[in-house]
Amino acid sequence: MDLSKHNIFEGLDTKDFEHVLPLFKEKAMTQGVHIFKEGEEGMGMFFIIEGSCRIEKTMADGRQHVIASLEDGELFGEMSIVTRGVRTCDCLSTSTGRLWFLPTKEFDLLQQLAPKVWLRIVENINKLLCGRLTALTDEVCTMLTDLSDVEDDVVVFEQRLTKGKESILDVLKSFGRSKVGIPSLRGGQVKEVK
């Protein structure tokens, strides 16, 4: 994998990249092992040389929600370079492989050694984060629209049932359900009603 081709190094020439490459440390990935966990101090960012990993968030009810599945050539953990905060998600390796790790301490050293290179990388990380924020905003808007549609359907459903002139099956069928599963009293099997 040619690290210099990644978009966070956009605008750097070969000489500029010579300042960056020695700062990276190679790390092995073992399948099923956490690369980092939510709440840990963010010590730097990672590039996947080969392999795959998953970014997960623990929800309030304890369930794990997959935020992203990442593969060769992808970057993660870059927020720690910008915010200097703790990890906001878990990262779990889903295969064996190799990573390039850029520690925050080394990145700070780059600011002293080659400030223009450092600034270009920070600008590119910010572009990446803004792109992710825009995609997330679009996803949230789509979810809100979908929820609004469901809420409207529930109101109509409730009004039709309250009038008492239609059965639950008739109302469900009118919402596009051609088959409705009804649990049987014997054995818990589902019986389809047409």
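FYI, it's all coordinate maths here, none of it is from the lab. Keep in mind the model is a prediction, meaning the values are calculated, not measured. Here the Cβ positions follow ideal geometry from the backbone for every residue, glycine too, while neighbour counts run over all protein chains shown.
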Among Lys105/Lys127; Lys15/Lys127; Lys27/Lys57; Lys37/Lys116; Lys5/Lys37; Lys25/Lys116, which pairs are too far apart, with a Cα-Cα distance over 25 Å?
Lys37/Lys116; Lys5/Lys37
In the range 64-155, the trypsin sites (Lys or Arg not before Pro) that fall in loop regions by DSSP, at most 12 other Cβ within 10 Å:
Arg84
Percent relative contact order for the range 34-146, counting Cα pairs under 8 Å at least six residues apart, stands at 32
Cα centroid separation, the range 122-143 to the range 102-117 (Å)
25
